[in-house]
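Participant: First, the structure itself, so that you have it in front of you.
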Amino acid sequence: MDGTRIVQRFAFASQHHPVLHELLQDARFQALVPLLEAEGGRVGENEKDGLVVNHYVNVAGSEFSQMGWHTDSLRDIFYGKRIGPMLNVGLHLDGTKASNGGLRVLPGTHQ
């Protein structure tokens, strides 16, 4: 916000810190896997971008403010693969409001 440059995205973060790796192994996190409703569901720690840590600042003048809700399925198409089921989980480590772009439930996805 003060013009200082930041690193916005760290891919495969759990490969660089044991605490993040342990988070993905935790039974409470693994309990989300059945939400995929697909045989062979798993936490993709070592595929695609693994555990990604984002530092996203959305303020007046932000250069990248129109991302919105999306899936990473275009990557599958680019690699010539069928689009597979994916559950993206976001953990917000600071206070955020719906107007800031996070914490959305798309109608019907809760079923």
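The values are calculated or read from the model by the stated rules, or taken from the named source; none is laboratory data. Just so you know, these numbers come straight off a predicted model, no measurement behind them. For neighbour counting, all protein chains shown are included, and Cβ atoms are generated from backbone atoms with ideal geometry for every residue, glycine included.
Participant: Give the residues of the range 1-25 that are among the acidic types (Asp, Glu) and either closer than 14 Å to residue 89 by Cα or surrounded by 10 or more Cβ atoms within 10 Å (Cβ to Cβ) (or both), sorted by residue number.
Facilitator: Hit for the range 1-25 is 22, nothing else.
Participant: Report, ordered by the first and then the second residue, all pairs with beta carbons closer than 7 Å, sequence separation of six or more or different chains, a first member in the range 32-50 that is surrounded by fewer than 13 Cβ atoms within 10 Å (Cβ to Cβ), and a second member that is part of a helix (DSSP H, G or I) and modelled with pLDDT of 75 or more.
Facilitator: 42/33
Participant: Follow-up question, since we're still on this one. Working only within the range 56-84, note down all residues that are modelled with pLDDT of 80 or more and part of a loop (DSSP other than H, G, I, E, B).
Facilitator: Scanning the range 56-84 gives 79, 80, 81, 82.
Participant: Within the range 20-45, work out how many residues are at pLDDT below 90, outside any helix (DSSP H, G or I) and either at negative phi or in contact with a helix residue (DSSP H, G or I) (Cβ under 7 Å, 6 or more places away or on another chain) (or both).
Facilitator: Within the range 20-45, residues that are at pLDDT below 90, outside any helix (DSSP H, G or I) and either at negative phi or in contact with a helix residue (DSSP H, G or I) (Cβ under 7 Å, 6 or more places away or on another chain) (or both) number 9.
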